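Worksheet for the structure shown next.
The values are calculated or read from the model by the stated rules, or taken from the named source; none is laboratory data. Since the model is a prediction, treat every value here as computed from it, not as a measurement. All Cβ positions, even for glycine, are placed from backbone atoms using ideal geometry, and neighbour counts span all protein chains on display.
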Amino acid sequence: MLRALMALVLLCSASLAAAGETEQLARVLHLLDYMAVDYPGTVAGGRVTNEGEYAEMVEFSQRAGDLIAALPPHQAQARLQARARRVARLVQERAAPEAVVAALADLRQALLRAYPVRLAPRRTPDLERGARLYAQQCAACHGPEGRGDGPAAAGMDPPPIDFHDRERAGARSLLGLYNAITLGVEGTAMRGYGELSDARRWDLAFYVGAMAFPPPAPEAARPLLADPALAPLRSPEQLVQLTPGEAGRRFGDGGRVLMAWLRHHPEDAVRADQADHVATALKLLETSREAYAAGDARAAYQLALRAYLEGFELAEPALRSLDAGLLRETEAAMLRHRKLIRDGAGADQVEAARAQAVAALERVRQTLGEGALSPAAAFVAAAVILLREGLEAILLLAAIATVLIRAGRRDALRYLHAGWIAALALGGITWGVSSYVVQISGAGRELTEGLTALAATAVLLYVGFWLHNKTHAQRWQAYVRDKIHAALHGRALWLLAGAAFLAVYREAFETVLFYQALWLQLEPGAEDAVWSGIGAAAAALGILAWVILRSSMRLPLKLFFNVNSFIMLLLAFAFAGHGVAALQEAGMLPADPVRFFRFELLGIYPTLETLLAQAGVVALIAAMFAWERYQDRRMAVA
């Protein structure tokens, strides 16, 4: 538990540091976007047309340099500061608006390359909800239609933004709108709305960002969605970071039309984000092929591993809710390809395996691109995720709770509660970090799952043996009560709490990632179905826990303790398989496929290493039972 607490403290510290960096970067980007929109109205033909606004531009250009200097150290920081000085010099020289806006765009893109924190929505923005928020929070100043003519706008200096002004909207990114909603705008009546959730602020940003751009006809937009040249614009990061003007300059008229469509239909961009992970995998597999052909097997293996961890693995949770069979097929194909590279197989064999992996990934891309979940499908997926991930934790918690109750140690239940509550708290922090601060990489996910599962295996083996040993005697009724009651002292209680923590946190960690992926696959309006599915699954798990507790309490005492020790040892067997499989996927352990069945609920995977690890657990359990029987025979003879 002490190590778990240390991990919790470290994670909190990392979360706060990353959150601070994200907020600093957001303030710089907000300032640059504000200048890009307002500077063209302050200078024309080298002359100042609005003294007050121009003085503000001079001040802001200098402040941008100061904010960049205060960002965390980075090798590109000197170049960023040089770009900031160039912007300030152009403003001082009253340069043409086109030159200043281009310099601001260049600085903004350089910042985003140097500090690649995630500044994009985690789920599909809901424009209908954005419209309701706008009516509640914004219409009084900006007007019911967003033209800056609300009843509270009279006398405001500067006046509220007219969101239908195409020229100014063309220089404003969705990220700029999001930052203005989050931070407010200094010197104006626009306050920040940080009390709104991250998702609600993106809903609002997309809603007002679409006002100046009528939605294109579907027949004009649909071909653009399939155009490979416009693929970068379909990623959520590019969609929110680029202004409509930049989209037009980089991608031509097709870019302008597609951006207008995506502002009204963000679901097409968010689903494309999952397909982009597959594109990353395909690109890395191609680079791996080139490295192997050049005789660099080590580089080829690392590239193939990156194709899984940095590509397919990030799209895997979304695919699980759409086609679990395809997920397993793709995993197996990519694993087979990596093994052949590692074993130094012939080029023809490696290429054939790569071709199979590529074919599977192409099917994955098609599935993810088409697979939006209806409310009914979202309900089922949400319920299955929680039931699947919660079952092991419920079995363990119920088993430990009944042990404490049957031993007359209800007072010790607080240790059990401390363990699972701490695990859920850490799961909540994990959700916050992965939703708002950093994206958990594929390698990070697998390492966390693998190490947590193996730690849980060790603890559960110890607790299972301890429980069986303490209850192995001839005079059960009296002996068990006395022996267990006496043995449940501080160290043993903390072990039980540790077992609860590790088991619950592993499930909470996976659940967080699966639900994040599920949000990206929803049809508009399907969010309530997800919450309904979660509620139904939570109720089912509660009933399951109650049934296990009641039935366990009625078992004969000897059978009761044997059943509970069996549950803990069975979970140790399952966690051993889960842990080794996760470390294999992270590239930390070799993976040699074998012809064997797959049963993920018990951690059984068709690889030599996972099966050997579980065989080792079984052998250890058998050896411990044999040792106990030997000790019993010796005591009987004595």
**Fill in**
Checked ARG113, ARG123, ARG108, ARG168 against criteria (modelled with pLDDT of 85 or more and either surrounded by 18 or more Cβ atoms within 10 Å (Cβ to Cβ) or not in a loop (DSSP other than H, G, I, E, B) (or both)); the one match is ARG168
**Message:** So, ASP268, is that one surrounded by fewer than 21 Cβ atoms within 10 Å (Cβ to Cβ), without any contact (Cβ under 8 Å) to a residue 60 or more places away in the chain and out of contact with any helix residue (DSSP H, G or I) (no Cβ under 9 Å at 6 or more places or on another chain) or not?
**Reply:** no
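Residues checked against (1) at pLDDT 90 or above; (2) part of a loop (DSSP other than H, G, I, E, B); (3) within 18 Å of SER173 (Cβ to Cβ):
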position: THR22; (1), (2), (3): no, no, yes
position: ARG27; (1), (2), (3): no, no, yes
position: HIS30; (1), (2), (3): no, no, yes
position: TYR34; (1), (2), (3): no, no, yes
position: VAL37; (1), (2), (3): no, no, yes
position: GLY52; (1), (2), (3): no, no, no
position: GLU56; (1), (2), (3): no, no, no
position: SER61; (1), (2), (3): yes, no, no
**Item:** Unique match (being at pLDDT below 80, crowded, with 21+ Cβ neighbours inside 10 Å and closer than 26 Å to PHE566 by Cβ) among ALA318, ALA381, ALA399
**Value:** ALA399
**Asked** GLY143: surrounded by fewer than 18 Cβ atoms within 10 Å (Cβ to Cβ) and without any contact (Cβ under 8 Å) to a residue 40 or more places away in the chain, yes or no?
**Response** no
**Prompt:** With ARG83, ARG108 as the choices, which residue is under 17 Å from ALA171 (Cα atoms), in contact (Cβ under 8 Å) with a residue 24 or more places away in the chain and among the basic types (Lys, Arg)?
**Reply:** ARG108
**Fill in**
The correct count of residues that are more than 26 Å from the chain's Cα centre (by Cα) and free of Cβ contacts under 8 Å to residues at least 60 places away in the same chain in region 577-605 is 4
